[in-house]
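Below you will find the structure I want to go over with you.
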Amino acid sequence: MNALNPIGVFDSGVGGLSVLREIRRALPGEDLLYVADSAHAPYGDKSQQFIEARSIAITEFLVSRNAKAIVVACNTATGAAVTTLRSRFSVPIIAMEPAVKPAATHTKTGVIGVLATSRTLVSDNFVYLFARYGADVEIVGQACPGLVEQVEAGDLSGDKTRALLERYVLPLLERGADTLVLGCTHYPFLAPLIQEIAGSGVAVIDSAAAVARQLHRRLEAGDLLADGDRVGTECFWTSGALDKAQPLVSRLWKMDVEVRSLLSDVGVGLNKPV
């Protein structure tokens, strides 16, 4: 393990690119490996056992590429699998946490809306956040089925996406929420539309920048930071269809990139990357 080794990042799909974007801003000299498990997105409707198995398989894939740290750029995978990952792998594992703490500090009305997958909202991680920061504010969780699929399809502003967001956001505003937490890494790509629906008086926040800062701290503590003067690279993989992933990842990354296909071992029954 040395400072020139890459950082591995994964998500159920392309949503984690919102986290990768912040990592690139914070750590311009690092080489980044990104896996989008789009063949199995969304994770929000999968069992914990399935999510754990996928998370282990992808982490093994990234570690085999000499990743010096792993970022679980998925709130659902964090809730379902991060404890298992940390027990199995010796590299630093950095995970997501919905930005409830800063939201509790920011709110003026005392009402926070959290947009997330149903599995994230019932995870131990979220229950802990609710208990820790919900004493002085009202935290209203809103499950958002269908939004991940819209982002995976590249529909960031169409009529169906708008209708879904209005269904999820407007009830939170009616409850008095003046701060909305994006509790899924896919949702920052919908932030402009969410802001438009919510209005300028409502804050829309996510935790991607905080995750990038935590990654920086962990690498610095382990003397694993790459030289900031070098230009880092990115490599992308998907478990989904390349003809869909290539243009979508390039669009969301705002640069033409090559997306590779994960090799699969159908014998394990999970389309596990090897």
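The values are calculated or read from the model by the stated rules, or taken from the named source; none is laboratory data. Worth saying up front: this structure is predicted, and the values here are computed from it rather than measured. Reconstructed Cβ throughout: ideal geometry from the backbone, glycine too, with neighbour counts over all protein chains shown.
Exactly one of these conditions fails for Gly8: (1) part of a helix (DSSP H, G or I); (2) more than 25 Å from Ala191 (Cβ to Cβ). Give me its number.
(1)
Right, another one. If a residue has to be among the acidic types (Asp, Glu) and farther than 12 Å from Leu33 by Cβ to count, how many in the stretch 233-253 make the cut?
1
Results for (1) part of a loop (DSSP other than H, G, I, E, B); (2) polar (S, T, N, Q), shown as yes or no for each residue.
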site: Val181; (1), (2): no, no
site: Ile197; (1), (2): no, no
site: Val204; (1), (2): no, no
site: Gln214; (1), (2): no, yes
site: Leu219; (1), (2): no, no
site: Ala245; (1), (2): no, no
site: Asp256; (1), (2): yes, no
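Now, a different point. Among the numbered criteria (1) at pLDDT below 95; (2) part of a helix (DSSP H, G or I); (3) of a type outside the set (Lys, Arg), which one does Asp136 miss?
Answer for Asp136: the failing condition is (2).
Would you check if Tyr187 is in contact with a Cys (Cβ under 6 Å, 6 or more places away or on another chain), under 21 Å from Glu97 (Cα atoms) and either of a type outside the set (A, V, I, L, M, F, W, C) or buried (at least 16 other Cβ atoms within 10 Å of the Cβ) (or both)?
So Tyr187 fails the test.
Then there is this: Please work out which residue is surrounded by the most Cβ atoms within 10 Å (Cβ to Cβ), limiting yourself to the stretch 89-143 and to residues that are of a type in the set (Asp, Glu) and under 21 Å from the mean Cα position of the chain (by Cα). Please lay out each step first, then the result.
Of the stretch 89-143, the ones of a type in the set (Asp, Glu) are 97, 124, 136, 138.
Among the residues that remain, those that are also under 21 Å from the mean Cα position of the chain (by Cα) are: 97, 124.
Details: Glu97: 19, Asp124: 10.
Checking each candidate, the answer is Glu97.
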